[in-house]
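Engineer: My questions will all concern the structure given below.
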Amino acid sequence: MANDLKKRIMRRVYGIWLVKRVIPTAGGSALFVGIALKETAQRFFVAKIFSNFMEVAGSNAWAIPNFIASAMNKLEPSVLVLTAGAGLIGFSLAVKLWRSVKVMSQNPNLATVTVKR
């Protein structure tokens, strides 16, 4: 009976941790990446840029940095700022989530429920 109670309590603790830590971080990251992708899709044709990139990458790999610099120079400032900001925020949230998962995996007391008999 005590083990069953302990398991139920620990499941709730982990559930609360998931709701407080993982879901907002993952949701925030997905939200900012989604905003950046939507804004990007409204401003320019992504498939054409990708096909041009593949042509450059296929012909000369050393031309890729020049292609990226040229593409960034031709962007509207609002798109550039929004995309860069969303990318930075999304990256920082992903790093925060990764660190939380790493701590959970390194500390077995946090990651699993141990039952002593």
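Engineer: Looking at region 26-41, can you tell me whether even one residue there is charged (D, E, K, R), in a helix (DSSP H, G or I) and in contact (Cβ under 8 Å) with a residue 60 or more places away in the chain?
Structural biologist: no
Engineer: When residues of region 25-66 are filtered for being under 12 Å from the mean Cα position of the chain (by Cα) and surrounded by 12 or more Cβ atoms within 10 Å (Cβ to Cβ), how many remain?
Structural biologist: So the count comes out to 9.
Engineer: Further question: Being of a type outside the set (S, T, N, Q) and over 29 Å from V95 (Cα atoms): is that true of A63 here?
Structural biologist: It is true that A63 is of a type outside the set (S, T, N, Q) and over 29 Å from V95 (Cα atoms).
Engineer: Condition first: surrounded by 13 or more Cβ atoms within 10 Å (Cβ to Cβ), modelled with pLDDT of 80 or more, β-branched (V, I, T) and touching a helix residue (DSSP H, G or I) at 6+ places or on another chain (Cβ under 7 Å). Can you find one or more residues in region 84-91 that meet it?
Structural biologist: Within region 84-91 (the criterion being surrounded by 13 or more Cβ atoms within 10 Å (Cβ to Cβ), modelled with pLDDT of 80 or more, β-branched (V, I, T) and touching a helix residue (DSSP H, G or I) at 6+ places or on another chain (Cβ under 7 Å)), the answer is yes, since at least one residue qualifies.
The values are calculated or read from the model by the stated rules, or taken from the named source; none is laboratory data. Source: prediction; values computed, not measured. Note that we place each Cβ from the backbone using ideal geometry, even for glycine, and neighbour counts take in every protein chain shown.
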